Amino acid sequence: MLWLITWAGFLVVRLIGPTIRFAISFEEGAPPTLETRPIVYSFWHSCIFPAMYLWRKRQIRVLSSDSFDGEWTGRIIRKFGFVKVRGSSSRGGVRALLGMRKELEQGWTVSFTIDGPRGPRFVAKPGPVILARATGVPMAVFHIAIDRAWILNTWDRSMIPKPFSRALMRVSRQIAVPADADDAAKDRFHGELQAALDRVREFTEANIDKAGSAEFPMSYR
């Protein structure tokens with residue numbers, strides 16, 4: 001079953017991904033390029049398909065649970081050049097954060113599907129704030145909107161782009177968390193993380209029709 005799901009998922013992404021026309025927009029203060037590292041990235045679970053293709057081959061470390069869903073997802077992302085770090089926000093959280101911290105200290109970028117693995121949808125978990133405070137590596141978030149997509153009947157309403165669709169990704173400014181941030185400050189930065197995630201999602205959904213224009217030219221495949 002794992003073998004079938006892994007290869008079916010890989011082939012769908014590999015066939016549709018090259019047809020997607022990507023445009024990227026950066027907030028002021030965002031990481032200057034997609035290759036900038038280390039960064040603690042967060043994004044919503046619903047846009048995992050286009051994110052998997054756009055961010056491929058960069059050796060980004062991604063948190064993935066030991067569940068059945070986490071296993072087949074982890075196998076697919078490895079085929080696109082990601083590195084799986086075992087653990088989840090619901091089980092094995094301490095081990096997961098320690099693993100992600102080690103990767104950051106080695107200079108790698110890490111990424112969280114921040115409302116995964118089971119929601120609630122569009123509610124950010126605090127892991128990136130804890131990690132940024134412990135390592136001194138800044139946080140950033142992104143969202144990808146698609147102009148034409150199949151929406152799955154799942155808790156996250158995952159998007160599968162239709163062939164030759166347009167995509168707009170918005171990357172937020174970086175958020176630094178001081179090492180001496182107390183619990184009140186940590187809560188404040190968690191709120192800032194949530195606000196950034198909401199902001200980039202609203203931006204892409206409002207501007208997806210402009211993807212491919214002079215304002216948001218297609219620049220990534």
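The values are calculated or read from the model by the stated rules, or taken from the named source; none is laboratory data. Given the structure is predicted, the values throughout are model-derived calculations rather than measurements. We place every Cβ from the backbone using ideal geometry, glycine too, and count neighbours over all the protein chains shown. Note: accessible area is taken over every heavy atom of the protein model, side chains too, but ligands, DNA and RNA are not part of it. Shrake-Rupley method; radii C 1.70, N 1.55, O 1.52, S 1.80 Å.
At a glance:
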read-out	value
Amide proton proximity set for M218, modelled H, under 5 Å, gap of 5+	G212
Calculated from backbone phi, Karplus (6.51, -1.76, 1.60) coupling profile of the range 197-211 in Hz, x at Gly/Pro	4, 5, 5, 6, 5, 4, 5, 5, 5, 6, 10, 4, 5, 8, 4
Accessible-area composition of the range 177-221, carbon plus sulfur, in percent [1.4 Å probe]	49 percent
Options A196, F112, P128, ranked by Cα towards positive dipole end of the range 90-221, top entry (Cβ charges)	F112
Karplus-derived HN-Hα couplings along the range 39-44 (A = 6.51, B = -1.76, C = 1.60, θ = phi - 60°), whole Hz, x at Gly and Pro	9, 9, 8, 9, 7, 6
Approximate spin-label separation D209-Q106, in nm, with each point projected 7 Å along Cα-to-Cβ	4.7 nm
Share of carbon and sulfur in the accessible heavy-atom surface of the range 1-149 [1.4 Å probe, %]	59 percent
Net lengthening on full extension, A134/D180 (0.36 nm per residue, minus Cα-Cα)	15.6 nm
At q = 0.10, 0.12, 0.20 Å⁻¹, base-10 log of I(q)/I(0) for the range 103-221 (Debye sum, equal scatterers on each alpha carbon)	-0.37, -0.53, -1.15
Q59 versus E35: modelled label distance in nm, points set 7 Å from Cα along the beta carbon direction	1.3 nm
Helix-only CD estimate at 222 nm, as mean residue ellipticity for the chain, using -39500 (n - 2.57) per DSSP H run (n ≥ 4)	-11500 deg cm²/dmol
Solvent exposure of the chain as accessible area per residue, Å², 1.4 Å probe	47 Å²
Residues whose placed amide H lies under 5 Å from that of K125, excluding near-sequence neighbours	none
Separation of alpha-carbon centers, the range 136-171 and the range 1-58, rounded to whole Å	9 Å
Hull-based mean projected area of the chain, where the convex hull spans the alpha carbons, in square nanometres	11.2 nm²
